[in-house]
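Heads up, the thing below is written out as structure tokens.
The values are calculated or read from the model by the stated rules, or taken from the named source; none is laboratory data. Remember, it's a predicted structure, so these values are computed and weren't measured experimentally. Note: ideal-geometry Cβ built from the backbone for every residue, glycine included; neighbour counts use all protein chains shown. Quick note on the areas: whole protein, heavy atoms, side chains included, nothing else; ligands and nucleic acids left out. Shrake-Rupley method; radii C 1.70, N 1.55, O 1.52, S 1.80 Å.
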Amino acid sequence: HDQIMVEKQVREIHELKDITIEFLTNPNDSKNLPKKEIKNIPGFGKYSVHNGIISLQNDRNTSYGKYIEVMNELIKAGNIVKNDFSLKYFEKTYEQLNNKEKFIVKKAVPVMISEAEPVAIAN
């Protein structure tokens, strides 16, 4: 029925971006969100990087439009987190960064989306 579920709870599309940003940043070091690990990023130094992966699974009857809508929200959230990091540490937007700086951002703020095989959830 094109419903969205996050951690087995029905959610609305407008909530997905903020939920994803919280997942990617874990600002309060919640035990229910991805842990962070201090990593040495070449050209930048040590930074606390999350180790979370966004796992997306669709019902076989999910409309293509809803699938695209969900992917757009996930990508938008990742772009916001990358842009926030860019502004904080390089004082320019992600799009304004050179390749070396973009490499640093991608290492500091990984956005990994894994797509599982569709399943038959709804009848």
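Any idea how many residues of the stretch 73-112 are of a type in the set (Val, Ile, Thr), within 24 Å of Pro42 (Cβ to Cβ) and either part of a helix (DSSP H, G or I) or in contact (Cβ under 8 Å) with a residue 24 or more places away in the chain (or both)? Explain how you work it out, then say what you get.
If we filter the stretch 73-112 for residues that are of a type in the set (Val, Ile, Thr), which is where we start, we get 75, 80-81, 93, 104-105, 109, 111.
Next, only the ones that are within 24 Å of Pro42 (Cβ to Cβ) stay: 81, 93, 104-105, 109, 111.
Remaining after also requiring either part of a helix (DSSP H, G or I) or in contact (Cβ under 8 Å) with a residue 24 or more places away in the chain (or both): 81, 104-105, 109, 111.
Selection size over the stretch 73-112: 5.
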Restricted to the stretch 37-49 and to residues being open to solvent by less than 80 Å² (accessible area, probe 1.4 Å) and assigned to a strand (DSSP E or B), the residue farthest from Asn99 (Cα to Cα) is Ser48
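Got a sec? Which of Leu56, Leu33, Leu24 is in contact (Cβ under 8 Å) with a residue 12 or more places away in the chain, in contact with a Ser or Thr (Cβ under 8 Å, 6 or more places away or on another chain) and either closer than 30 Å to Val119 by Cα or crowded, with 16+ Cβ neighbours inside 10 Å (or both)?
Details: Leu33 fails: in contact with a Ser or Thr (Cβ under 8 Å, 6 or more places away or on another chain); Leu24 fails: in contact with a Ser or Thr (Cβ under 8 Å, 6 or more places away or on another chain).
Step by step, each of Leu56, Leu33, Leu24 is checked, and only Leu56 is in contact (Cβ under 8 Å) with a residue 12 or more places away in the chain, in contact with a Ser or Thr (Cβ under 8 Å, 6 or more places away or on another chain) and either closer than 30 Å to Val119 by Cα or crowded, with 16+ Cβ neighbours inside 10 Å (or both).
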Being surrounded by 15 or more Cβ atoms within 10 Å (Cβ to Cβ), in contact with a Lys or Arg (Cβ under 8 Å, 6 or more places away or on another chain) and modelled with pLDDT of 95 or more narrows Ile80, Ile104 down to just Ile80
